[in-house]
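See structure below.
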Amino acid sequence: APETGVAGEARARACVDAVVEDVRLSSELKGDGDFVVRGAEHLLSTLEAMGVDNCRIELEGSGEVPILDGSASSYAYDLCKIGLTPAVSSSGAEEPRMAWKLTENVMVQEGDAFMMLNVDDSTKLTYGIDFTYKSTAIDKQWESWTPTEDAPYALHIAPARNFGTLQDFVAYYRAGYIRGGLENCALVANGGEYWNAPLRLNNEPARHKLIDLIGDLSLLAEPGMSGVPVGHVVAYKAGHKLHAKFVRAVAKAAKTKVPAQIWYSGDE
């Protein structure tokens, strides 16, 4: 499992036990003492989707992971460019990557928002959002992605930017967040239009939610394992708070270890 922290000062492990459930804007991981890592989901998502299960992440200045352009594209591009090295055992043999496969369905719910995992032999991720009460530009969207069948993460998912309404982001800015500027790190909707169109992808907001989902599910990983479980994960109107609740429920569910499916071939 990746480890996040400030070298020589404090550390936080990217694992279920470190998850802070009472969050709103981004994921939070508890570390040593009062140290908290914020906003690691885009980076963790990319590492998970592209097969990295041994990683040390060093942050300087604070525990906040840079938001960059609000997507996971930069991380995905750099990993594609650098390449990966298979992990080996003490004997020198390549270690197979494993994944969790649940033997029972799991569901969590808050109001009309819910997340569920249906037992299946392959991994499929589906996300639905409903912003009709805030912006008809975003409206209602659904996006499904089967990693072994659809376009690769680096092309199909990673470019999708963080999103929200102009009113939301003004409130976040006044609260001390997103100081890098809206147009640089988010897709901003204002009523029936996007303030900084065009979109990079169809259903870009729903695809961005898949970035967040993969990043938060990655916390289920143990050393040498994928975090995203085998099965069909469906989320509707969820956020990091419900993601955290779901991750804890999956961690407690009955499951076995199986060989992980390969999402990333290195040809992207």
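A few notes on this one:
- Test: residue in region 97-113 that is under 16 Å from P147 (Cα atoms) and among the β-branched types (V, I, T): no
- Check on A151, of a type in the set (A, V, I, L, M, F, W, C), surrounded by fewer than 18 Cβ atoms within 10 Å (Cβ to Cβ) and more than 23 Å from G39 (Cα to Cα): yes
- There is at least one residue in region 196-212 that is part of a loop (DSSP other than H, G, I, E, B), modelled with pLDDT under 95 and touching a helix residue (DSSP H, G or I) at 6+ places or on another chain (Cβ under 6 Å).
- Entry remark, region 213-238: residues being of a type in the set (G, A, S) and part of a helix (DSSP H, G or I) number 2 in total.
- The set of residues from region 101-150 being basic (K, R), more than 20 Å from G215 (Cα to Cα) and modelled with pLDDT of 95 or more comprises just one member, K140.
- All told, K241 falls short of being in a helix (DSSP H, G or I), at pLDDT 95 or above and out of contact with any Ser or Thr (no Cβ under 8 Å at 6 or more places or on another chain).
- If you check S135, S89 for being of a type in the set (S, T, N, Q) and closer than 25 Å to P223 by Cα, only one passes: S89.
- Flag for G63 being over 21 Å from I211 (Cα atoms), in contact with a Lys or Arg (Cβ under 8 Å, 6 or more places away or on another chain) and either modelled with pLDDT under 90 or charged (D, E, K, R) (or both): no
- V230 meets the stated requirement of being buried (at least 22 other Cβ atoms within 10 Å of the Cβ), touching a strand residue (DSSP E or B) at 6+ places or on another chain (Cβ under 9 Å), over 16 Å from Q109 (Cβ atoms) and not hydroxyl-bearing (S, T, Y).
- Of residues in region 180-212 being of a type in the set (G, A, S) and either closer than 23 Å to A244 by Cβ or buried (at least 24 other Cβ atoms within 10 Å of the Cβ) (or both), the one nearest to the chain's Cα centre (by Cα): A206
- Candidates in region 213-225 are the residues that are modelled with pLDDT under 95 and not aliphatic (A, V, I, L, M); of these, the one that is surrounded by the fewest Cβ atoms within 10 Å (Cβ to Cβ) is P223.
- Conditions (1) at pLDDT 95 or above; (2) loosely packed, with under 14 Cβ neighbours inside 10 Å; number of the one not met by G266: (1)
The values are calculated or read from the model by the stated rules, or taken from the named source; none is laboratory data. A quick note: this is a predicted structure, and the numbers were derived from the prediction, not measured. Cβ sites come from the backbone with ideal geometry, for glycine too, and all protein chains shown count toward neighbours.
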